[in-house]
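Worksheet: one structure, shown below.
The values are calculated or read from the model by the stated rules, or taken from the named source; none is laboratory data. The shown structure was predicted, so the numbers you read here are calculated from the model rather than taken from an experiment. Don't worry about glycine lacking a Cβ; one is built from the backbone with ideal geometry, like all the others, and counts go over all protein chains shown. Keep in mind that these areas ignore ligands, DNA and RNA; they rest on the heavy atoms of the full protein, side chains included. Shrake-Rupley method; radii C 1.70, N 1.55, O 1.52, S 1.80 Å.
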Amino acid sequence: MINQLFWDFDGTLFDTYPKMVSAFVQALGDLGIDDVEIDQDQIYVTMRQHDVGTAIRKFSAFYGIDEKQLRKLNRTHQTKLVEDALPFPSVKEVLELAKSMKGRNFLLTHRDDQAKSMLRKFDLLDDFSGFVTSDQNFPRKPQPDSINWLIKTNQVDRKKAIMIGDRKLDVAAGHNANIASCLFDPDGTIIDSGNPEIRVTEINELVPWLTNK
């Protein structure tokens with residue numbers, strides 16, 4: 001039985017990417033880049049297929065702007081805009097399913113403690129038994145250090161555990177920690193998946209998979 005669920009936040013628990021792209025566009029605008037020059041789809045794809053850091057490096061080089069300034073402005077706008085993001089449908093259902101199966105949920109995110117405050121706002125925080133955010137300064141995924149710490153701290157059986165995320169680096173992080181992985185890819189953006197044990201386009205597709213394990 002797999003009932004120990006490790007969750008990514010952005011693009012997995014919460015639909016934050018539209019807000020993240022908007023923040024990025026605003027930051028570019030602050031640095032003098034005109035809207036007509038900005039390809040929002042490319043920004044989104046870069047964030048999903050890689051990460052925000054890659055987007056910052058790529059587009060600061062492309063537009064010839066200061067990377068540190070873009071990073072700072074993006075963070076400021078993103079913190080404000082992401083507050084309005086909503087959880088994906090069926091998140092609560094799957095979190096409670098894990099608990100009903102005598103399991104637990106763990107948060108594993110590159111976002112800071114804002115992620116926990118957003119979980120609290122939607123009455124999801126109490127569904128979690130442990131947390132790793134960027135405030136704890138673990139190496140970033142796909143390094144397995146943060147998962148391994150949660151596993152050790154909470155005495156998790158790796159055979160019962162799965163990492164759930166929306167990017168290849170989440171899949172790799174799970175595999176690097178010797179646990180199963182699930183890729184949540186609602187719009188088919190991810191080409192190189194990293195061979196997860198399960199790939200879903202809706203969170204509730206996990207229900208029959210988990211209950212049959």
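Solvent-accessible surface of segment 16-84, averaged per residue with a 1.4 angstrom probe and all protein chains in place: 54 square angstrom. Among the trypsin sites (Lys or Arg not before Pro) within segment 82-113, those in coil by DSSP and having at most 14 neighbouring Cβ atoms inside 10 Å are K102.
Two tests apply to each whole DSSP H helix in the chain, Cα reach of 15 Å or more along its axis and mean Kyte-Doolittle hydropathy of at least -0.5, and the ones passing both are 17-30, 52-63. Using the empirical formula 2.2 N^0.38 Å as the baseline, the Cα radius of gyration of segment 140-208 reaches a ratio of 1.08.
For segment 16-84, with all protein chains present and a 1.4 Å probe, just round the carbon and sulfur fraction of the accessible area to a whole percent. Carbon and sulfur atoms account for 48 percent of the accessible area of segment 16-84. Dividing the mean sequence gap of close Cα pairs (under 8 Å, 6+ apart) by how many residues segment 117-193 holds gives a relative contact order of 24 percent. Under the criterion of Cα pairs below 8 Å and six or more residues apart, the relative contact order for the chain equals 27 percent.
Per-residue ellipticity at 222 nm computed for the chain from its helices equals -13000 deg cm²/dmol, with DSSP H segments shorter than 4 residues left out and the rest contributing -39,500 (n - 2.57). With 0.36 nm allotted per residue and the present C-alpha distance subtracted, the D66-D41 stretch has 6.8 nm of extension available. Cross-link reach is defined here as a Cα-Cα straight distance under 25 Å, omitting same-chain residues fewer than 8 places apart; for K92 the lysines meeting it are K19, K80, K102, K116, K121, K141, K159, K160, K168, K213. For segment 1-80, the list of chymotrypsin sites (Phe, Trp or Tyr not before Pro) that fall in a loop by DSSP and count at most 12 other C-beta atoms within 10 angstrom is empty. Mean projected area of the convex hull spanned by the Cα atoms of segment 94-213, taken over all viewing directions: 7.2 nm². Gain on full extension, evaluated as 0.36 nm per residue between T211 and D187 minus their Cα-Cα distance, stands at 6.2 nm.
Given P208, A55, F24, which one lies farthest toward the positive end of the charge dipole of the chain, if we put +1 on the Cβ of every Lys and Arg and -1 on the Cβ of every Asp and Glu? With unit charges placed on the Cβ atoms, the residue in question is P208.
The mean sequence separation of alpha-carbon pairs under 8 Å and at least six residues apart, normalised by the residue count of segment 16-84, gives a relative contact order of 49 percent.
Using only side-chain charges placed at the Cβ, +1 for Lys and Arg and -1 for Asp and Glu, the dipole size of the chain relative to its Cα centre rounds to 960 debye. Solvent-free Debye calculation, one equal scatterer per alpha-carbon of segment 16-84: log10 I(q)/I(0) at 0.11, 0.15, 0.26 Å⁻¹ equals -0.20, -0.39, -1.27. Under the combined filter of DSSP loop state and at most 14 neighbouring Cβ atoms within 10 Å, segment 120-207 retains these GluC sites (Glu not before Pro): E202.
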